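Q: Okay, here's the structure, questions in a sec.
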Amino acid sequence: MEADVNARGDIAETEKLQLVRARRGQGLFRSRVELLEKDCRLTGITDRQHLRASHIKPWCKSTDNEKLDGNNGLLLSPHVDHLFDRGYVSFSSDGTLLVAKLLTTDVLTSWHLDTIYGVAALRPEQEGYMDFHRRCVFLG
């Protein structure tokens, strides 16, 4: 995917760099997410070195602007990011954790995610992205 970005002739080199860094969870995208999200919505971890800036609407499905939009991101612990990226979990508008039927309860229990019933509500700017996630990524 990075090769695709680097091969493009329609955008400047600096924008290519930002898009590649966004894909890696670094740079402009991550800093924009960190301005909006303070911790992992499920674990409460606040230490940035243990959190990933995860795209809500997947990077490969996003426009260039969406790839860098902080509202298209969540800070998630790596194991939560894994479940979210693969569609095993999602969030309702009010922040309730949605769990796919395919996800066994032993995973939630082992990762201490089985007692979480709600988290912070989504901001209105995140809702469109999360709607996409629920419809196109979530295995619910």
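No value in this document is a laboratory result; all are computed from the given coordinates. Just so we're clear, the structure is a prediction, and the values are computed from it rather than from any experiment. Heads up, the Cβs are rebuilt from the backbone with ideal geometry, glycines too, and the neighbour counts pull from every protein chain shown.
Q: In terms of the Cα gyration tensor, with a ≥ b ≥ c the square roots of its eigenvalues, is the range 2-136 rounded because a/c is under 1.5, prolate because a/b exceeds b/c, or oblate?
A: prolate
Q: Can you tell me the dipole magnitude for the range 22-77 around its Cα centre, using point charges on the Cβ only (Lys, Arg +1; Asp, Glu -1), in Debye to the nearest 20?
A: On the way: 11 positive and 7 negative charges, 36 e Å.
Result for the range 22-77 is approximately 180 debye, rounded to the nearest 20.
Q: Magnitude of the Cβ-charge dipole of the chain, K/R +1 and D/E -1, about the Cα centre, nearest 20 debye? Provide the component values of the computation, followed by the final result.
A: Numbers: 19 positive and 20 negative charges, 28 e Å.
With only Lys, Arg, Asp and Glu charged at Cβ, the dipole is about 140 debye.
Q: Here's another thing I want to ask about it. What do you get when you divide the Cα radius of gyration of the range 56-140 by 2.2 N^0.38 Å, with N the number of residues?
A: Values: Rg = 12.6 Å, N = 85, 2.2 N^0.38 = 11.9 Å.
So the range 56-140 has a normalised radius of gyration of 1.06.
Q: What angle, in degrees between 0 and 90 and rounded to the nearest 10, separates the Cα long axis of helix 13-23 from the longest principal axis of the Cα atoms of the chain?
A: Once rounded, the angle reads 10 degrees.
Q: Ok, one more. Please report the spacing between the Cα centers of the range 86-140 and the range 16-85 in Å, no decimals.
A: The distance from the Cα centre of the range 86-140 to that of the range 16-85 comes to 16 Å.
Q: Helix 27-36 sits at what angle to the longest principal axis of the chain, using alpha carbons and giving 0 to 90 degrees rounded to 10?
A: With both axes taken from Cα atoms, the answer is about 40 degrees.
Q: Considering the dipole of the chain built from charges on the beta carbon (Lys and Arg +1, Asp and Glu -1) around the Cα centre, which of T105, S62, L74 is farthest to its positive end?
A: T105
Q: Output the 0 to 90 degree angle, nearest 10, between the alpha-carbon long axis of helix 124-136 and the longest principal axis computed from the alpha carbons of the chain.
A: 80
Q: In the chain, which longest range has no trypsin sites (Lys or Arg not before Pro) that are both DSSP loop (not H, G, I, E or B) and surrounded by at most 13 other Cβ atoms within 10 Å?
A: Working: sites that count: R8, R24, K38, K101.
Longest gap between qualifying sites, sites excluded: 39-100.
Q: Using the Karplus curve 6.51 cos²θ - 1.76 cosθ + 1.60 with θ = phi - 60°, work out ³J(HN,Hα) for each residue of the range 81-93 in order, rounded to whole Hz, and write x for Gly and Pro.
A: Going residue by residue, I get 4, 4, 5, 5, 4, 8, x, 6, 9, 8, 9, 7, 4 Hz, with x marking Gly and Pro.
Q: Under 5 Å between amide hydrogens, which residues at least 5 positions from L98 or on another chain qualify, with H placed 1.01 Å from N in the peptide plane?
A: S90, F91, S92
Q: When only Cα pairs under 8 Å and 6 or more residues apart are kept, what is the percent relative contact order across the chain? Provide the component values of the computation, followed by the final result.
A: Numbers: 205 pairs, mean separation 31.7, N = 140.
Reported as a whole number, the value is 23 percent.
Q: Between A7 and R123, what's the calculated FRET efficiency when r is the beta-carbon distance and R0 is 41 Å? Round to 0.05. Display every interim value, and only then the final one.
A: Numbers: r = 35 Å, r/R0 = 0.84.
About 0.75, to the nearest 0.05.
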